[in-house]
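Engineer: Next up is a structure, given as structure tokens.
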Amino acid sequence: MTEPHETPYPHLLAPLQIGRHTLRNRVIMGSMHTRLEEAPRALERRVAFYAERARGGVALIVTAGYSPNAEGRMGVDTQALDRVEQLTEHAPVTAAVHEHGAKILLQILHAGRYAEHDLLVAPSAVASPINKRTPRCMDEDDIERTIADFALTAELAIQGGYDGVELMGSEGYLLNQFCALRSNQRHDRWGGSLENRCRLALEITRRVRERIGPDLLLAYRISALDLVEGGLTGEEIGCLARGVESAGADLISTGIGWHESPVPTIAYHVPRAAWRLATARLKSAVRIPVVASNRINTPELADEIIARGEAELVSLARSLLADPQFVTKSATGRAQEINTCIACNQACLDYIFSGRSASCLVNPRAGREIEFDATPAINPKRIGVVGAGPAGLAFAIQAAARGHRVVLFEAGRQIGGQLNLARRIPGKTEFLELLRYFRVQLARHAVDVRLGVTATPASLLSEALDHVVVATGSVPRQLNLPRVDPAKIATYSQIILGHTVAGPRVAIIGTGGIGHDVAEFLASADVGAGADVAASADVGASASGGVNANAGANASADSPHDAMALARFFGEWGVDASAQSPGGLQQPQVPASARHIVMFQRSNTRPGARLGVSTGWILRRKLKSRGIAVVTGCEYLRIDQLGLHYKVGGQTQLAEVDTVVVCAGQKPEQDLPAALARSGVAFDVIGGARVASELDATRAISEGMQLAHTL
């Protein structure tokens, strides 16, 4: 790694003394749930996962949360650390991290009323709105035992080779629950006044410090902004932080919001570094170092936060899923090669919530390091790839990186495929980062990219290829109706790309992810501005295909565009940036829809049922707040000059609209595979050309990478 004065990120890469430890830079890999502990070959996976991030240059790693006792576990099968014999599952992890020069903390997390088992406990018998179980109210013995359990887990962590521990007091878990009136309705010495409500957090901090001694690191993860009714004010959070400092903490890490918060905190809808004001306010309250977190995904932004004195360190979690070499690339002048987190949540949080171990849309290798053989190909081939969408790009880059000679054919005039639709949706300009990464990697690995070329079996045969990979994607599915007025109807791609301009009254057929994106696109008063941002980033592309790492994103609070985006976000979601109100909430100011929009679906199921668990609620709430209605159980009859004729419950009805946008799914583009099969050419089909039930970039990129590692 180069010295700080040789890098454009001198603050981010400067060492820092914390307690009796020196960190080699200011980048922390923050704690995140991965479920790797529950996956097959769990220990081997965890060792490979953490070692790769340590090798990539991070200074400090914080593990996923481990409970101090049975009551505190997230679920019946999730991890605790309360017995010495469990250390065999930890020592190899800490040894691997230390081998690569990083330090590692074990996070101690008690789920409290978030626990999904029948032993759950909490400060009061008040259920969380996101958990159907009601917790048992902890008595004095429960509390004293829990304090002792935290201290024991900390001692065991040190025996397992950890450099210290982090106490999880954020995101609505037990310690957070005790501090807030929302969940603490006690009238004893553990409830009532702020001093009493914070007593458990401070007592645990003191007891853990006593148990681990002065030489080990002790971090406390605090909620810098609760974002729930009945939460703490900014002043109260400052008081808690000072108490934690006095109790012996070396470092304060920040979290934002509770899991039950009505405000999104880490999804792509949230502007970059939206919560830096909360971190800066917290930093002014204490003398020990403070860590900024949430929606920080570029070295420029991370360095800026530290340079401005808003925090001493930054916590990157999903950004290190996306690219474990984030720090090394930043330090060696290769920031353009960083595979940037786009905050989609599709393969990290959504996988976790569906019982799978975490991975990453832009980096399917994350969490699966032991499954991918990155060694060079023994017999390099000349491979033709048809289609430069996510699947084709992922395959082409990985295959070329392994030594294959790759020719990439794309009928269009630009790479990206369906990504060029996604990047135009308001809030989804982060997809520009993925396009930038693909462009840079194509150039780096000398992929022969041929744009504006329609590949045919004959042209592919003339190239003397050893193998062909078909990644031609999908095409929108058309409505099969007896009568359709062509002036009234448009596909989702025609609308998003601006080939068709929707009128003031719109019917959207389909309530899946595409339908919701189109509704957001058409409802937003900034639809034109969003398209301009996407277009300008293409104009700024260099001859080698790269764009600035911050193109189209919220990189600096100094930018008027960024300041407006942040103010709009806070207003729409009711965030009190001053944190003077309890929980940091105020009345939302929801912008009106730019058009009258009604969405329709054939089934009677819940609209948007297949949307991502972690982002679907955001989309549904935004559209509902803007007055966008949904009609279910529809039979579509015809589309004429009057609008959309349909039937619900046996009754024929008319939606008087100017434009009908069809978002009724898509079908694979399979003309080429059929022709190749007849010609006898060896080929594989991946991505939407194979399965097109959804526009699934996660599956497409994963399929491309997996195939590249098997040929």
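Any read-out appearing in this document is the output of simple, stated calculations on the displayed coordinates, not a laboratory observation. None of the values given here were measured: they were computed from a predicted structure. Positions of Cβ are backbone-derived with ideal geometry, glycine not excepted, and every protein chain shown enters the neighbour counts.
Engineer: When the Cα centres of region 292-316 and region 567-584 are compared, how far apart do they sit, in Å?
Structural biologist: Taking the Cα centre of each part, region 292-316 and region 567-584 sit 21 Å apart.
Engineer: Can you give me the pair-distance distribution of region 352-413, C-alpha pairs, 10 Å bins, whole percents?
Structural biologist: Each 10 Å bin holds this share of Cα pairs: 20, 40, 29, 12, 0.
Engineer: On a straight-distance basis, which aspartates and glutamates could pair with Lys428 in a cross-link, Cα separation under 16 angstrom, same-chain partners fewer than 8 positions away excluded?
Structural biologist: Asp517, Glu520, Asp526, Asp532, Asp538, Asp562, Asp696
Engineer: Semi-axes of the equivalent ellipsoid of region 186-285: what are they in whole Å, largest first, if each equals the square root of 5 times a C-alpha gyration tensor eigenvalue?
Structural biologist: Those come to 25, 18, 11 Å.
Engineer: Mind grabbing the base-10 log of I(q)/I(0) for region 132-201 at q = 0.12, 0.21 Å⁻¹? Debye formula, identical points on the C-alpha positions, no solvent, two decimal places.
Structural biologist: -0.37, -0.95
Engineer: For region 442-494, what ratio Rg/Rh do Cα atoms give with a Kirkwood hydrodynamic radius?
Structural biologist: 1.17
Engineer: Right, here's the next one. Nearest 5 is fine: what % of DSSP beta bridges in the chain come out antiparallel, could you say?
Structural biologist: 20 percent
Engineer: Please state the equivalent ellipsoid semi-axes for region 4-371: what are the square roots of 5 times the Cα gyration tensor eigenvalues, largest first, in whole Å?
Structural biologist: 29, 23, 20
Engineer: So for Cys344, Cys179, fewest C-beta neighbours within 10 Å to most, what's the order?
Structural biologist: Neighbour counts put them in this order, fewest first: Cys344, Cys179.
Engineer: Could you work out [θ]222 nm for the chain from helices alone, using -39500 (n - 2.57) per DSSP H run of at least four and dividing by all its residues? Round to the nearest 500 deg cm²/dmol.
Structural biologist: -9500 deg cm²/dmol
Engineer: Cα centroid distance between region 649-694 and region 177-201, in Å?
Structural biologist: That distance is 56 Å.
Engineer: State, to one decimal in nm, how far the label point of Ser581 lies from the label point of Ala443, with both points 7 Å from Cα in the Cβ direction.
Structural biologist: It is 4.7 nm.
Engineer: Moving on. Using alpha carbon coordinates only, what is the Rg to Rh ratio of region 80-208, with Rh defined as the Kirkwood radius?
Structural biologist: Expressed as Rg/Rh, it is 1.02.
Engineer: Can you give me the span-like helices of the chain, meaning DSSP H runs with 24 Å or more of Cα extent along the axis and Kyte-Doolittle mean at or above -0.5?
Structural biologist: For the chain, where a helix must reach 24 Å along its axis and average at least -0.5, the hits are 140-159.
Engineer: Using a basic spin-label model with each label point 7 Å from the Cα along Cα→Cβ, how many nm lie between Arg41 and Gln159?
Structural biologist: 3.0 nm
Engineer: Along each of the three principal axes of the Cα atoms of the chain, give the extent in whole Å, ordering the values from largest to smallest.
Structural biologist: The Cα atoms of the chain stretch 74, 64, 46 Å along the principal axes, largest first.
Engineer: How fast does region 304-427 diffuse by Stokes-Einstein, in µm²/s, taking the Kirkwood radius from C-alpha pairs at 4 °C and 1.567 mPa s?
Structural biologist: 76 µm²/s
Engineer: Could you put Leu175, Leu321 in order, starting from the residue whose Cβ has the fewest other Cβ atoms within 10 Å?
Structural biologist: In increasing order of surrounding Cβ atoms, one gets Leu321, Leu175.
Engineer: Moving on to the next point. Would you list Lys622, Lys329 from fewest to most Cβ contacts within 10 Å?
Structural biologist: If I rank by nearby Cβ atoms, fewest first, I get Lys329, Lys622.
Engineer: While we're on this one: For Lys132, go through the lysines and keep the ones whose alpha-carbon is under 29 Å away, minus same-chain ones fewer than eight residues off.
Structural biologist: Lys622, Lys624
Engineer: With a sphere of radius 13 Å drawn around the Cβ of Gly584, what net charge do the other residues whose Cβ falls strictly inside it have (Lys, Arg +1; Asp, Glu -1)?
Structural biologist: That sum, taken over residues with Cβ under 13 Å, equals -3.
Engineer: Separate question: Within region 610-628, what residues put their amide N at less than 12 Å from the label point 7 Å along the Cα-to-Cβ vector of Ser603?
Structural biologist: Output list for this probe position: 610-611.
Engineer: A further question on this structure: Put a dot 7 Å past each Cα toward the Cβ at Arg477 and Ala567; how far apart are the dots in nm?
Structural biologist: 4.4 nm
Engineer: Would you work out the relative contact order for the chain, in percent, from Cα pairs under 8 angstrom that are 6 or more residues apart?
Structural biologist: Contact order relative to length: 13 percent.
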